[in-house]
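Just below is one structure, and these are the notes that go with it.
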Amino acid sequence: MAQAKDPFEAAASALGYLFQLRKALQRCVELSRDGIEWSVAIEAADDVEVSTEAGTELIQLKRRAPGIRLTDFQPDLWKTLRIWSEGVTGHRIDLDETNLYLLTTAELPAGTAGFHLQSRASGHRDEQAAEALLVAARAASGNTDLASAFKAFDKLTEQQRARLVSRIEVIGSAPDLDRVRNDLLGYASLAVERRYANSFLQRLEGWFFERAIVQMSSPGSDPVSGAEFDEFFNDLRRQIGEHNLPIDHDIAEMPADAADHADASDKVFVHQLRLIGVGTERIGLAVRDWLRAFTQRSRWADENLIQAGEIGKYERRLVEEWQARFLDMREDLGDEAAEAQMLRAAKAIYRWVDQEARLRIRPGCDELFVTKGSYQMLADELRVGWHPDFAARLAMLLEPAGATDGRP
C-alpha cells in the first residue's frame, strides 16, 4: 500500500519553489537597473542561472526553518557541492567564467566552511580554511545518504577542488519569502506610486512566474532576457498610474469559448441584441466583451485602482454619448416607422457601439473591450438600448410568466 504524502512536506516544497521564483525575480530587477545585457533561467544548470556580459552565476537556493545552521556536515551543503563538482568534472561548469552562490536562510556558525566562504566584504573569507574543513568533514562523516556527494567531491583533483572553492560564495541568513516580497515591493514603489505598488508587483510576479513555468516545462525554451523583462516592466509601469489602468492578460486573452460558460443567455443585454436580430456569433462576442469588462472592472475595484465615483462618471459619459445618437434616431424615424425601419436604425446604433465608440475610462486605457463591454453592462441595466422601443418591448418580454395587469 502506497504511503500517503506528508502534507507538511508538500507545503514546504511548494514554499521552496515560491522562494526560488521570488529570488530569481529579485535578481532580474537588480540586473535591469545595471544597464547590461543579461538572461535568467530557472532549473537549468542550477536553481537559478544568470548570464551577463561578465560571465555566469549559478545560484543554489535553500529555504530552511528558523534556527537551522549550515554546519560542515549539513546535507544542503554537500548536495550543492555534488551538483557543482559533477558540473566541473563533466565540463559543464567553466570555473574561469562562473561564480557559484549558495544562498540559504540557515545561519552560518563561526568557524565553519560556509562561514569562511562568505563575501570578502564580510571580513571572514578564508578559502584555504574552508577547503580544509570540507576535506575533514568528508573524511569524518559516515552519512550514507551523502555517499554520492562525497564521491563527486572525491573525483575533483586538488587543483579543481581549490578552484571550485575559490568560486563559491555562501550567503547565510538570507531573507525568507516575506522579506523577499517586501524587498520587491520596495522596488515596485520606485516604479509606480506607493499606493499602486502592490498591484504592480502582483502583475509582475504573475507574468514572471508564468514565464518561468514555460521555460522550465518546454525543453529548449529561451531564458528570460533582460530585453524581454524590461519591455514588460516598462509597459506595466505605463499602465498603472493616474492616467492609465492595467489590462490583465488573463482577461484580455480570454478564450473565445469563455462566453459559452458565462451563463448569459437570460441576461437583459442578450435579449436586447436578439430583439434587433443580432446573430448568434456576434452575441457570443458581446457576451465575451461583457465578461471581460465586468471582470476587469471588478479587479480594478478590488485593488483600489479606481477612484471613488470614477466608474459612475465614466458610465455617465457613455450614456450621454449613446443618448444623443438614440434620440436623433427616434426623431428621424418618427411615430409611424415600420418595424423594418426601426430594426435598421437600431442596428446602426449598435454598430456604432461595436465598431466606433471608443470612450476611454482614462486617457491611456485604450482597450476596446472596456468600452464595448461597459455598454453591454449598461444595456443589461436598461440604461441604454438599441431598438427605438426597447424599454416597452423588453418589459413585455421579461414580464414574469403568469403576471397580470392587476385586473380580475
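The numbers here are math on the coordinates, done by the rules we state, and not lab data. Everything numeric here is computed off the predicted structure, so don't read it as measured data. Because the Cβ atoms are built from the backbone with ideal geometry, glycine has one as well, and the counts that use them run over all protein chains shown.
Computed over the alpha carbons of region 305-363, Rg followed by Dmax gives 14.7, 48 Å. Helical runs (DSSP H, four residues minimum) scored at -39500 (n - 2.57) apiece and divided by the length of the chain put the mean residue ellipticity at 222 nm at -17500 deg cm²/dmol. Projecting the Cα atoms of TYR187, LEU285, TYR314 onto the charge dipole of the chain, computed from C-beta unit charges around the Cα centre, puts TYR187 farthest toward the positive end.
Extents of region 40-84, taken as max minus min of Cα coordinates on every principal axis and listed largest first, are 37, 21, 18 Å.
The residues packed around HIS243, meaning those with a beta-carbon under 11 Å from its beta-carbon, carry a net charge of +2 if Lys and Arg are +1 and Asp and Glu are -1. I'd like the orientation of helix 368-380 relative to the chain: the angle between its Cα long axis and the longest Cα principal axis, in ° from 0 to 90, rounded to 10. Value to nearest ten degrees: 50. Over region 7-185, the reciprocal of the mean inverse Cα-Cα separation, the Kirkwood hydrodynamic radius, stands at 16.9 Å.
Measure nothing fancy, just the Cα-based angle from helix 280-302's long axis to the longest principal axis of the chain, in degrees from 0 to 90, nearest 10. Roughly 60 degrees, rounded to the nearest 10.
For region 35-68, GluC sites (Glu not before Pro) meeting the loop criterion (DSSP other than H, G, I, E, B) and having at most 14 other Cβ atoms within 10 Å: GLU37, GLU53.
Over region 199-280, the ratio between the Cα radius of gyration and 2.2 N^0.38 Å evaluates to 1.59. Axis of helix 127-140 versus longest Cα principal axis of the chain: the two differ by about 80°, to the nearest ten degrees. Pairs of Cα atoms nearer than 8 Å and 6+ residues apart set the relative contact order; for the chain it is 14 percent. Taking a ≥ b ≥ c as the square roots of the eigenvalues of the Cα gyration tensor, an a/c ratio of 1.5 or more together with a/b no larger than b/c marks region 11-110 as oblate.
When both region 174-230 and region 38-55 are represented by their alpha-carbon centers, they are found 16 Å apart. A cut-off of 5 Å between modelled amide H atoms, ignoring neighbours fewer than 5 places along the same chain, links VAL384 with ALA379.
So what is the relative contact order of region 249-397, in percent, for Cα pairs below 8 Å that sit 6 or more residues apart? Once divided by the residue count of region 249-397, the mean separation gives 39 percent. For region 249-397, the normalised intensity computed at q = 0.10, 0.17, 0.19 Å⁻¹ comes to -0.35, -0.98, -1.19 (log10 of I(q)/I(0), Debye sum over alpha carbons, equal scatterers, no solvent). Give me the log10 of I(q) over I(0) for region 159-225 at q = 0.27, 0.28 Å⁻¹, as the Debye formula computes it from C-alpha points; what are the numbers? Normalising to I(0) and taking log10 leaves -1.03, -1.06. Averaging the Cα positions of each part gives two centres, and for region 68-127 and region 383-398 these lie 73 Å apart. Taking amide H positions as modeled 1.01 Å from N, with prolines and chain starts lacking one, the residues under 5 Å from ARG69 and 5 or more places away or on another chain are GLU107.
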